[in-house]
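Quick notes on the structure that follows.
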Amino acid sequence: MRIIIFGAPGVGKGTQAKMIALELDIAHISTGDILRAAIKNETELGLKAKSIVESGGLVPDDIVAGMLKDALKEDRCKNGYILDGYPRTLAQAEILSKIFEELGPETIHLIKLEAKDEVMVQRISNRLVCNTCGNILTKDVVTDNFTCPKCQSQNSYYKRKDDDEEVIKNRLKLYHEQTAPVFDFYKNKSHVIEIDGTGTIEEIKIAILSALKN
Ligand code: AMP
């Protein structure tokens, strides 16, 4: 199964992509997660990408394309995958079309999550991440003796550098200028599923899964 989850930063792509991948037994490929891991491990890629990611910019298309191609070769992709954070520019959409052409024809399901910018800013300002398992948390659940509900690690969480308020504005600007037009690219080339991203996590998951089944 070939799925792309699309939408602005903070709309809930990562949260939904993880659940959908688990439910359908497919791989979750998040270019943001790959970049953050590379930055954490100080790899060559991480050192190149660090300042760009932390300032909310876009990593050059050729670098991200290389990462994606490597990820798609992994064994975990054999049943299919959900791409989260890719493609983010029209050039990346063109690159992805070539990759898909080489892999052979298959329906692309494009899930578009929608919400107003104010909702995204509010959500991102409230977001924390478990340092151990990457689970997405909110400030209100993190109390003095916090235990991650997913991996049970204690008091181990961080705020993403690019979740800073000024950086969020830059990321949303780039989304509207460079990423939003990618939707038009896919309109007639894919099975488009448009979902209101302001419902509860569970409601959104159910809506996505039922649309995928149809
Ligand atoms: P995300 O986790 O998807 O919000 O991505 C975090 C950051 O990683 C973005 O703000 C970009 O700096 C970088 N990034 C992730 N995916 C891409 C991509 N497809 N193209 C360029 N930069 C990306």
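Return the single residue from TYR158, TYR175, TYR81 with maximal mean-square fluctuation; model: Gaussian network over the chain, springs between Cα atoms under 10 Å.
Of TYR158, TYR175, TYR81, the Gaussian network model singles out TYR158 as fluctuating most.
Please identify the trypsin sites (Lys or Arg not before Pro) of the range 52-121 that satisfy two criteria: DSSP loop assignment and at most 14 other Cβ atoms within 10 Å. Which are they?
Filter output for the range 52-121: LYS73, LYS78, LYS116.
Can you give me the long-range amide H partners of LEU128? Hydrogens built in the peptide plane at 1.01 Å from N, cutoff under 5 Å, separation of 5 or more residues or another chain.
Under 5 Å from the amide H of LEU128 lie the amide H atoms of LEU137, THR138, LYS139, each far enough along the sequence or on another chain.
List the residues, sorted by chain then number, that are 5 or more residues from ILE193 or on another chain and whose placed amide H is less than 5 Å from its amide H.
LEU110, ILE111, LYS112
Please list 3J(HN,Hα) in residue order for the range 68-79, calculated via the Karplus relation 6.51 cos²θ - 1.76 cosθ + 1.60 where θ = phi - 60°; whole Hz, with x for glycine and proline.
5, 4, 4, 5, 5, 7, 5, 4, 5, 8, 5, 8
Got the relative contact order for the chain handy, in percent, Cα pairs under 8 Å and 6 or more residues apart?
Answer for the chain is 30 percent.
Using a Gaussian network model of the chain with C-alpha springs under 10 Å, which one of PRO87, PRO149, PRO60 is most mobile by mean-square fluctuation?
PRO149
Applying the Karplus parametrisation 6.51 cos²θ - 1.76 cosθ + 1.60 with θ = phi - 60° to the phi angles of the range 101-117, what ³J(HN,Hα) value in whole Hz is obtained for each residue in order, glycine and proline being reported as x?
Rounded to whole hertz, the list is 4, 5, 7, x, x, 6, 5, 9, 9, 10, 9, 10, 9, 10, 7, 6, 3.
Which of the residue pairs LYS69/LYS116; LYS18/LYS112; LYS116/LYS187; LYS13/LYS150; LYS13/LYS173; LYS73/LYS161 have a Cα-Cα distance greater than 23 Å in the structure shown?
Pairs exceeding the cut-off: LYS69/LYS116; LYS73/LYS161.
Could you state the accessible area per residue of the range 26-180 in Å², with a 1.4 Å probe and every protein chain left in place?
54 Å²
The values are calculated or read from the model by the stated rules, or taken from the named source; none is laboratory data. Just so you know, these numbers come straight off a predicted model, no measurement behind them. Cβ atoms come from the backbone with ideal geometry, glycine included; neighbour counts cover every protein chain shown. Just the protein is used for accessible areas: all its heavy atoms, side chains included, with ligands, DNA and RNA removed. Shrake-Rupley method; radii C 1.70, N 1.55, O 1.52, S 1.80 Å.
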